[in-house]
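Everything on this sheet refers to the single structure shown next.
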Amino acid sequence: MVLSRTASDSDESIHSTFASRYVRTSLPRFKMPENSIPKDAAYQIINDELMLDGNPRLNLASFVTTWMEPECDKLMMASINKNYVDMDEYPVTTELQNRCVNMIAHLFNAPLDDSEAAVGVGTVGSSEAIMLAGLAFKRKWQNTRKAQGLPYDKPNIVTGANVQVCWEKFARYFEVELKEVKLSEGYYVMDPAKAVEMVDENTICVAAILGSTLNGEFEDVKLLNDLLLEKNKQTGWDTPIHVDAASGGFIAPFIYPELEWDFRLPLVKSINVSGHKYGLVYAGIGWVIWRSKEDLPEELIFHINYLGADQPTFTLNFSKGSSQVIAQYYQLIRLGFEGYRNVMENCHENAMVLKQGLEKTGRFNIVSKDDGVPLVAFSLKDNKRHNEFEVAEMLRRFGWIVPAYTMPADAQHVTVLRVVIREDFSRTLAERLVLDITKVLHELDSMPSKLVAAAQQNGKKTDMETQREVATYWKKFVSDIKTNRNKIC
């Protein structure tokens with residue numbers, strides 16, 4: 001006779017996690033559950049759901065670092081419980097941040113003596129860094145206008161239409177007019193001459209991009225500086241320049257050292273850079289550096305003492321982890337100038353391998369430049385039957401995440417695909433990506449084009465009208481897919 005019994009709740013410890021009651025029912029999505037669950041069950045449930053995320057290493061849409069050395073991972077985990085703002089409790093962490101600021105300032109050719117401390121701060125990313133730099137420009141402009149007895153209620157910033165969305169956020173959040181230089185087909189960065197034409201007495205700064213998000217191109221900061229110097233001389237204004245070097249700040253010093261874009265130019269008063277992009281640190285660290293103390297108004301700096309000592313602070317955030325700051329210092333001393341140069345050269349070479357592979361297919365126009373951020377932006381030579389959004393969607397079946405997007409005004413009719421080459425993107429992966437893109441193209445060639453038929457069913461249209469309607473259709477199609485996925489989750 002076989003004896004058996006029904007397991008009770010007290011027997012949970014002998015069960016496999018997948019045999020427990022905790023994975024047999026859906027967990028609450030909107031309200032905290034009433035009861036606790038075992039730690040192994042909580043881990044397994046969350047880990048299983050996270051498997052549905054894309055592979056970060058194959059996310060070629062992102063500029064953000066997705067791999068670091070295990071030794072740095074250990075340092076980050078060891079400091080994950082340290083609050084970055086507690087300077088009195090964690091003085092060494094504060095010292096490491098200051099060392100990073102000084103190293104980056106010298107990398108950007110700040111006019112400092114060897115022992116002179118640089119002016120700058122670590123941030124959550126370039127978005128916060130840009131907000132801080134923008135606030136400094138606005139406050140300095142307002143102070144000058146007040147002293148002159150002039151109106152100071154209508155500040156503006158001049159940028160290209162290719163700027164990252166954080167500039168639009170700054171303008172909206174802090175009530176600054178954003179004056180954008182429109183793009184044109186074949187010229188996807190800000191035209192310095194047009195930018196200077198838009199400068200007026202209310203312009204707090206002109207923002208130049210060292211590494212456009214759209215195609216990786218460096219804007220001509222030297223020409224902008226020279227033209228603006230001349231206009232300032234003619235008008236008596238003192239309009240400065242901010243360089244958004246989020247992507248290019250850790251590239252140009254190492255492989256384009258002769259390029260003048262930084263504090264070597266007299267009108268460049270502040271620079272931001274993303275440590276979590278080509279600074280080679282995981283997401284969550286950026287830097288903003290000012291030329292001198294005079295470029296950061298003192299009234300924007302707060303002093304607190306409730307953490308144990310007088311502590312100056314100029315951030316939008318307050319509490320945050322110390323791990324990314326420590327990781328940045330690790331990379332700076334671990335790699336040194338030589339190591340960073342080797343990494344950037346390797347990224348550039350792999351970008352050229354990918355570019356040449358795409359050109360050999362005979363199907364693409366290359367939109368990106370050879371010099372700039374190591375990425376390849378490309379568009380189909382003929383997208384009447386199938387377009388870039390279809391290519392991006394079908395590449396996901398191979399695991400690749402490659403974005404397709406339309407250019408800003410006035411080049412909205414141009415659609416491109418973009419592959420960002422990071423440190424962990426090897427030559428083998430570049431060659432494999434070309435093979436998978438070729439497979440996608442062959443498969444699309446065998447499929448009928450439903451898009452053109454849908455776009456033309458209301459009457460005959462020009463090729464340009466058809467292309468715009470197709471692009472709009474696919475943007476909505478991809479957006480709907482993402483919305484439906486979110487609903488399912």
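Tell me the residue from Ala411, Ala377, Ala430 that is aliphatic (A, V, I, L, M), under 21 Å from Val189 (Cα atoms) and modelled with pLDDT of 95 or more, please.
Checking each option against the conditions leaves just Ala377.
Name the residues in region 111-138 that are more than 24 Å from the chain's Cα centre (by Cα) and hydrophobic (A, V, I, L, M, F, W, C), would you?
Leu112, Ala117, Ala118
Here are Phe337, Phe314, Phe318: which of them is out of contact with any helix residue (DSSP H, G or I) (no Cβ under 9 Å at 6 or more places or on another chain) and within 30 Å of Leu96 (Cβ to Cβ)?
Phe318
Suppose we filter region 36-81 for residues that are touching a Cys at 6+ places or on another chain (Cβ under 8 Å) and open to solvent by less than 80 Å² (accessible area, probe 1.4 Å); how many remain?
Qualifying residue count, region 36-81: 0.
Does Phe218 qualify as being at pLDDT 95 or above, in contact with a Pro (Cβ under 9 Å, 6 or more places away or on another chain) and not basic (Lys, Arg)?
Here the answer is no, as Phe218 does not meet what is asked.
Between a first residue in region 32-46 that is without any contact (Cβ under 8 Å) to a residue 60 or more places away in the chain and a second residue that is part of a helix (DSSP H, G or I) and of a type in the set (A, V, I, L, M, F, W, C), which pairs have beta carbons less than 9 Å apart while being 6 or more apart in sequence or on different chains?
Ser36/Ala42; Ile37/Ile45; Ala41/Val23; Gln44/Phe18; Gln44/Val23; Ile45/Val23
Since Asp424 meets every condition but one in (1) more than 29 Å from the chain's Cα centre (by Cα); (2) of a type in the set (Asp, Glu); (3) at pLDDT 75 or above, which condition does it not meet?
The failed condition is (1).
From the residues in region 433-478 that are assigned to a loop (DSSP other than H, G, I, E, B), open to solvent by less than 90 Å² (accessible area, probe 1.4 Å) and at pLDDT below 65, which one is farthest from Pro403 (Cα to Cα)? Give the steps one after another, and end with the answer.
Residues of region 433-478 that are assigned to a loop (DSSP other than H, G, I, E, B), as a first pass: 446-449, 457-462.
Now narrow it down to the ones that are open to solvent by less than 90 Å² (accessible area, probe 1.4 Å): 447, 449, 459, 461-462.
After this cut, where a residue has to be at pLDDT below 65 as well, the list is 459, 461-462.
Values: Gly459: 31, Lys461: 27, Thr462: 27 Å.
My answer is Gly459.
The values are calculated or read from the model by the stated rules, or taken from the named source; none is laboratory data. Keep in mind it's a predicted model, so treat the numbers as computed, not measured. Cβ atoms come from the backbone with ideal geometry, glycine included; neighbour counts cover every protein chain shown. All accessible areas refer to the heavy atoms of the entire protein, side chains included, with ligands and DNA or RNA removed. Shrake-Rupley method; radii C 1.70, N 1.55, O 1.52, S 1.80 Å.
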